[in-house]
1. Quick check on packing: order B:61-69, B:8-16 by the mean number of other C-beta atoms within 10 Å, highest mean leading.
2. Just need the Rg to Rh number for the protein assembly as shown, please, alpha carbons only, Kirkwood Rh.
3. So, with +1 on the Cβ of K and R and -1 on the Cβ of D and E, and no other charges, what is the size of the charge dipole of region B:98-179 about its Cα centre, to the nearest 20 debye?
4. Expressed in whole Å with the largest first, what are the equivalent ellipsoid semi-axes of chain B derived from the C-alpha gyration tensor as the square root of 5 times each eigenvalue?
5. Take the eigenvalues of the Cα gyration tensor for region B:177-274, scale each by 5, and report the square roots as semi-axes in whole Å, largest first.
6. In what sequence, highest mean first, do B:220-226, B:251-257, A:61-67 appear when ranked by Cβ atoms within 10 angstrom?
7. Quick one: P(r) of region B:141-181 from all Cα-Cα pairs, 5 Å bins, percents rounded to integers, in order of increasing distance.
8. Kindly give Rg over Rh for region A:1-78, based on alpha-carbon atoms, with the Kirkwood expression for the hydrodynamic radius.
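Taken together, the values in this text are just the output of simple stated rules run on the coordinates, not laboratory data. Predicted model only: the values in this text are computed from it and were never measured. Please note: Cβ atoms are built from the backbone with ideal geometry, for glycine as well, and neighbour counts cover all protein chains shown.
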Amino acid sequence: MSIMHEVLLLGVLGCAYGGFALLALSQARHWRSVTSKPYPAPGGILLLRVGGYDFIGNSLVLALLRDGSSFGGLLWATSISLAALAVALTLAGMPARQH
Amino acid sequence: MFRREKRLHRASLDLHNLAGVVALPFHFVITLSGLIIFINIYFPQAPTLAYAEANNPRDAFFEEGYGRYSRKPAGVAGSEPARLDVMLRQAKARWMGGQPFFVRVWDPGDAVSFVEVRRSYASQVTMNLDQVYFDAATGEVLQRFEAAQVMSAQRFIAGMHFIQFDHWPLRWLYFVLGLSGCVMIATGYIFWLEARRKQHAKLGWPGVRIVEGLTIGSVTGILIATLSFFVVNRLLPLGVSFAGFERAALEVWVFYLVWITSFAHAGLRPGRAWREQCWAIAALAVLAVVLNAVTTSDHLVKTLAAGYWPVAGMDLLLLTSAIVATLAARTLHRRAASESAVRAADARRLDVNHA
């Protein structure tokens, strides 16, 4: 296995995690648990959502590049499940903030 | 989504929903593929309909679906067999570089002896049915087979389920998502119990006690049974038999007997079974690692240095399980201690009021 394979794997997992993190940030409750900055205007929310889906899509592209259609599809489908779980557990680990 | 600071009741529902929903595609595909794999059991009469015009519909179905070749032995001695390596090279060329992984010589020595070569599925999801049959004496190809489209789709779905391929990230992802299924089941049990505990105690119903015993046996008990299996596998001498059972069967007996015992233990010691079984998991996991090191001399220092991952990974996971079980047992201990302290304080207060 070449080093490129490992880099692409990191990319698949990283993009999936980043994508779900952006989607989570687009929700007021999660935004406030992460930062005390004001919750963005609708335009900013849209940007977060589009960015989130884009990252998840990129994750699929990287998985297909790495492994082709059959292994790549499976790798992506399982990676996004794991990433969503990881984001939820990250948010659960955030200290509760006063609103 | 998951609010760990909430009470057990609420937090277990959070975890139940999270593990169930997030890994839903995985759980769904594993379940569905399990059904599709056993198509011949769930639809045993399907070949009769699809191959109605054939003399023997079942045989016709298997021949067309799976391509198995056979011919009756002649009962006469045959000539010297042809060269196997030539056959394997021919099969490889046919499969565009796909590797053979299975070679079987049927009726060796017979005049109509033949050789079966099957293609490996280490490098693809599909558990292919590619096979070539050669005449053993002449090396001539008797039959080639590749599954048709519908069968190939079935073999792809089976491959997703069996993960017989060589792909380490996917194997780990499957493992973690499988664990999320375990979390979903365990938290589901706990939620059910905590939602009914008070009401059942008030009405004097046995429901919670029974389900709690079943829960403990199927969450921690099955781990104890599995670890006992590992331990016994290292302890039993080779070639041993007892009461007519071979070594392999004895290991299975130990698994089931320990598992049943764990249910009994859970039923008999309701308040303490969780933490006692956690301690048992920790002890057995460490014991399994130690026994493997003693009996095979493949200890962690050696396996890690040699990069012998199948054994090193198993040992590391066993030790991780031991740590997690110890942490769980200690947490349960602390909680039980603080609860009994509260109860004792309440009791004292009552005594004071009475006096």
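1. The densest-packed peptide leads the list: B:8-16, B:61-69.
2. Rg/Rh: 1.05.
3. 420
4. 54, 26, 20
5. Ellipsoid semi-axes (Å, largest first): 33, 16, 9.
6. B:220-226, A:61-67, B:251-257
7. 6, 18, 18, 18, 14, 12, 7, 4, 2, 1
8. Across region A:1-78, the Cα-based Rg/Rh ratio is 1.11.
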